[in-house]
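Computed from the coordinates by the stated procedures, all read-outs in this text should not be read as laboratory data. Given the structure is predicted, the values throughout are model-derived calculations rather than measurements. Neighbour counts run over all protein chains shown; Cβ positions are idealised from the backbone, glycine included.
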Amino acid sequence: MWETLAPIGRVASGGYRRFAWTPVDAVLREWFASEALARGLELVTDRAGNQWAWWGAPTPDRPGVVVGSHLDSVPDGGGFDGPLGVVSAFCAVDLLRSHGFEPARPVGVACFGDEEGARFGVACAGSRLLTGALSAGRGLALTDGDGVAMATAMRSAGIDPSTVGRDDDALRTVGAFVELHVEQGRGLVDLGRPVAVGSSILAHGRWRLDLVGEANHAGTTRIEDRRDPMIDLAAAVTTARSAATARGCVATVGKIAVVPNGVNAIPSGVTAWLDARGDAARALAADVGHAARTEPVEESYTPDIRFDATLVTRLARLLDDAPVLGTGAGHDAGILAAAGVPAAMLFVRNPTGVSHSPSEHAEREDCLAGVDALAAVIADLAG
């Protein structure tokens with residue numbers, strides 16, 4: 001499975017460009033469907049376009065145990081963020097079947113769409129639309145860098161936008177969700193353990209900064225006559241760093257759009273995006289906006305998420321007292337937890353500690369340990 005999935009969306013950097021509702025995304029969805037059907041699992045697509053593969057038929061009175069993750073990526077992202085959770089979920093099903101396991105509750109493998117938000121700017125868009133945390137009206141109106149609306153992109157991919165929205169029928173089939181993910185840090189490296197249980201996710205927000213200037217000639221305009229929005233951008237970047245340090249958060253300005261984007265032209269405008277995580281993320285965004293002389297536009301915000309404490313304790317004990325770690329990375333498991341679904345995560349050791357980069361990695365033996373752990377979790381929760 002890993003070898004079949006690996007070439008899809010790979011670019012010259014060695015990383016991946018797997019963006020929502022593109023031809024590459026269509027190939028990924030076909031891959032998921034083929035793996036589900038090869039196992040005789042029932043393939044279902046919810047109102048938000050997320051894919052579900054069911055071993056047994058769930059009902060509101062008999063909800064299932066769901067595992068899985070996502071297949072999309074950030075620009076030039078690594079191959080493990082998301083795909084490891086999906087591949088491991090199918091492997092866990094295979095492992096349990098090879099041992100003759102018959103679940104007492106339905107077991108589902110989920111693949112959430114547009115988790116990274118790389119194309120339309122809102123992270124976990126698929127799970128947010130599913131739960132109603134992102135309204136259909138706002139989600140469908142989001143546009144990518146070329147001005148293409150999500151509604152248009154979905155329609156081109158064969159999804160009817162008029163059906164998109166919170167899907168209570170789908171949510172009622174999920175009794176518990178456990179998402180396996182490569183660790184995005186070095187916690188397990190320092191602990192010398194291959195697998196951990198996730199306990200929480202830091203508050204996470206994204207803000208757009210619209211910085212207005214005046215286009216003019218770079219060679220003839222006196223310094224005192226310039227209205228250069230790049231100066232405001234510089235203030236935003238440096239304030240994000242200093243405010244993060246002062247407020248105990250992390251913050252990044254990682255994406256900008258400059259108009260007209262010419263070497264010899266003073267820009268007429270700059271749009272920048274701030275990613276801030278931590279309890280004081282909103283206060284930090286206000287600091288950055290003040291420094292850059294603009295009002296930040298909040299595009300998404302998820303408060304601090306604590307996974308189901310009983311479930312976390314149960315999984316840690318099940319997995320030989322596995323370490324319990326929090327994370328600053330957002331995940332679909334956090335969106336489902338915020339919607340009231342009992343949820344938790346498993347992390348697999350990443351020897352580089354690097355994520356959202358081609359350097360992201362997990363060793364084969366650790367990946368197999370993750371499969372064993374996920375299979376044990378399914379057997380315990382669905383047995």
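Brief remarks follow.
- Peptides 262-274, 336-348, 203-215, ordered by how many other C-beta atoms sit within 10 Å of their residues on average, highest first, read 336-348, 203-215, 262-274.
- Rounded to the nearest whole Hz, the Karplus-based 3J(HN,Hα) values (6.51 cos²θ - 1.76 cosθ + 1.60, θ = phi - 60°) of the stretch 166-172 follow the sequence 3, 10, 5, 4, 5, 4, 5, with x at glycine and proline.
- Total charge dipole magnitude, the chain, about the Cα centre, Cβ charges on Lys, Arg, Asp, Glu only, Debye to nearest 20: 380 debye
- Each Lys and Arg contributes +1 and each Asp and Glu -1, all at the Cβ; summed about the Cα centre of the stretch 288-383, the dipole is approximately 140 debye.
- Overall form of the stretch 153-204: prolate. Here a/c, set by the Cα gyration tensor axes a ≥ b ≥ c, is 1.5 or more, and a/b is the larger of a/b and b/c.
- Between the stretch 193-263 and the stretch 84-135, the Cα center-to-center distance that results, in Å: 33 Å
- Rounded to the nearest 0.05, the FRET efficiency derived from the C-beta distance between residue 242 and residue 214 at R0 = 41 Å is 0.90.
- Whole-Hz Karplus values for the stretch 305-314 come out as 10, 10, 5, 3, 4, 5, 5, 4, 4, 4 Hz, taken residue by residue from phi with 6.51 cos²θ - 1.76 cosθ + 1.60 and θ = phi - 60°; glycine and proline positions read x.
- Put a plus charge on the Cβ of each Lys and Arg, a minus charge on the Cβ of each Asp and Glu, and nothing anywhere else: the dipole of the stretch 204-301 about its Cα centre is then about 220 debye.
- Residue exposure sequence - 135, 199, 127 - by fewest surrounding Cβ within 10 Å: 135, 199, 127
- Projecting the Cα atoms of 14, 328, 178 onto the dipole axis of the chain, where Lys and Arg carry +1 and Asp and Glu carry -1 at the beta carbon, places 328 farthest toward the positive end.
- Percent of beta bridges antiparallel (DSSP, the chain, rounded to nearest 5): 70 percent
- Here the Karplus relation 6.51 cos²θ - 1.76 cosθ + 1.60, evaluated at θ = phi - 60°, turns the backbone of the stretch 29-39 into coupling constants of 5, 5, 4, 4, 4, 5, 5, 5, 5, 5, 9 Hz, with x for every Gly and Pro.
- For residue 216, distant residues with modelled amide H under 5 Å away: 266
- Taking the charge dipole of the chain about its Cα centre, with +1 at Lys and Arg Cβ atoms and -1 at Asp and Glu Cβ atoms, the residue from 87, 356, 382 reaching farthest to the positive side is 356.
- Two-site label geometry, residue 172 and residue 189: point separation in nm, points 7 Å out along Cα→Cβ: 4.7 nm
- Per-residue ellipticity at 222 nm, computed for the chain from helices alone with -39500 (n - 2.57) per DSSP H run of at least four residues, works out to -10000 deg cm²/dmol.
- Pairwise FRET efficiency - residue 365 versus residue 143, Cβ, R0 = 35 Å, nearest 0.05: 0.20
- Dividing the mean sequence gap of close Cα pairs (under 8 Å, 6+ apart) by how many residues the chain holds gives a relative contact order of 22 percent.
- Think of the stretch 204-301 as having a plus end and a minus end, set by charges on the Cβ of Lys, Arg, Asp and Glu; of 220, 252, 209, 252 sits farthest toward the positive end of this dipole.
- Between residue 11 and residue 279, the contour length at 0.36 nm per residue exceeds the alpha carbon distance by 92.9 nm.
- Separation of the residue 99 and residue 222 label points, Cα + 7 Å toward Cβ, nm: 7.9 nm
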